[in-house]
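Colleague: Please see the structure below; I have some questions.
The numbers here are math on the coordinates, done by the rules we state, and not lab data. Every value quoted in this text rests on a predicted model; they were computed, and no experiment measured them. Here the Cβ positions follow ideal geometry from the backbone for every residue, glycine too, while neighbour counts run over all protein chains shown.
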Amino acid sequence: MQTLYLSRLQHYLFCPRQFALIELECAWAENVFTAEGQVMHEKVNSGGHDTRGNIKTVRTLPLGHKSLGLEGIADVVEYHTDDDGKQTPFPIEYKRGKPKSHRADEVQLCAQALCLEDMHGCEVPEGALFYGKTRRRHAVTFDEELRALTLEAINDCRHIIDSGITPKPIYSTSKCRNCSLKDHCHPKIFNKNAKSWLLERILD
């Protein structure tokens, strides 16, 4: 089974075509938004760990799920120890910007929880997203709905990988204008048939 990287799930939920351009066509480009995200992760991903009270914090933790074929890195995982000595992982993903209307970030975090459950043989009920603009944590509960959405996204990504077919674009001003891959994607062109595109060029 080909490895599916955790970060790619966020790309798929944002735009299946973006996922395919990265996964199948090895396309990548930087813009101000991707650069800001990298700077933020460089500050967080210092490696190492520390313990305060009953919480052990591990940074840049490698994750994997054998049966799902997932691999990736968790920005931060806190291990909360209860009075009986039981440790419960609590993953934290750092994101630039602010909370979004879609659930792409939550799915990526939930996939981390699935990996932690597979690695440690325990239940991971919740985690958090930390956004650079709001500067605070947003709790995420890994309920049945989010877990089902995450598994569905994993299966959909697998389907694209197995088919080797890049989905056609669906143009969205709010998404496409800030996408670093818009020059690879050409969403306005490929979202139209050849006849309408030629007519538009002639009329211009």
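Colleague: Pop the C-beta distance of Glu123 and Glu145 into the FRET formula with R0 = 22 Å and round what comes out to the nearest 0.05. Intermediate values should be presented prior to the final figure.
Modeller: On the way: r = 16 Å, r/R0 = 0.75.
With R0 = 22 Å, the Cβ-Cβ based efficiency is 0.85.
Colleague: Please rank Met1, Met119, fewest neighbouring Cβ atoms within 10 Å first, as an exposure proxy.
Modeller: Working: Met1 10, Met119 16.
Ordered from fewest to most neighbouring Cβ atoms within 10 Å, Met1, Met119 come out as Met1, Met119.
Colleague: Assuming a strict under-15 Å limit between Cα atoms, what lysine pair count do you get for region 4-166 once near-sequence pairs (fewer than 8 apart, same chain) are dropped? Please list the in-between numbers first.
Modeller: Working: Lys43/Lys95; Lys56/Lys86; Lys95/Lys133; Lys98/Lys133; Lys100/Lys133.
Final tally of qualifying lysine pairs is 5.
Colleague: Further, regarding this structure: Would you pull out the residues with amide H under 5 Å of Phe130's amide H, same chain only if 5 or more places away, H placed 1.01 Å from N?
Modeller: The answer is Glu93, Tyr94, Lys95, His138.
Colleague: Same structure, new question: Just to check I understand the Karplus step: with θ = phi - 60° and J = 6.51 cos²θ - 1.76 cosθ + 1.60, what whole-Hz values come out for region 64-79, glycine and proline as x?
Modeller: 3J(HN,Hα) across region 64-79, in whole Hz: x, 9, 4, 6, 8, x, 9, 9, x, 10, 8, 4, 8, 10, 8, 9.
Colleague: Can you say what percent of the DSSP beta bridges in region 4-166, counting only those with both residues inside, are antiparallel? Round to 5.
Modeller: Numbers: 26 of 32 bridges.
Here the share of antiparallel DSSP bridges comes out near 80 percent.
Colleague: Based on the alpha-carbon set only, what is the convex hull volume of region 74-116 divided per residue, in Å³?
Modeller: Value for region 74-116: 81 Å³ per residue.
Colleague: Just the number: Rg to Rh for region 4-166, Cα atoms, Kirkwood Rh, two decimals.
Modeller: Here Rg/Rh amounts to 0.97.
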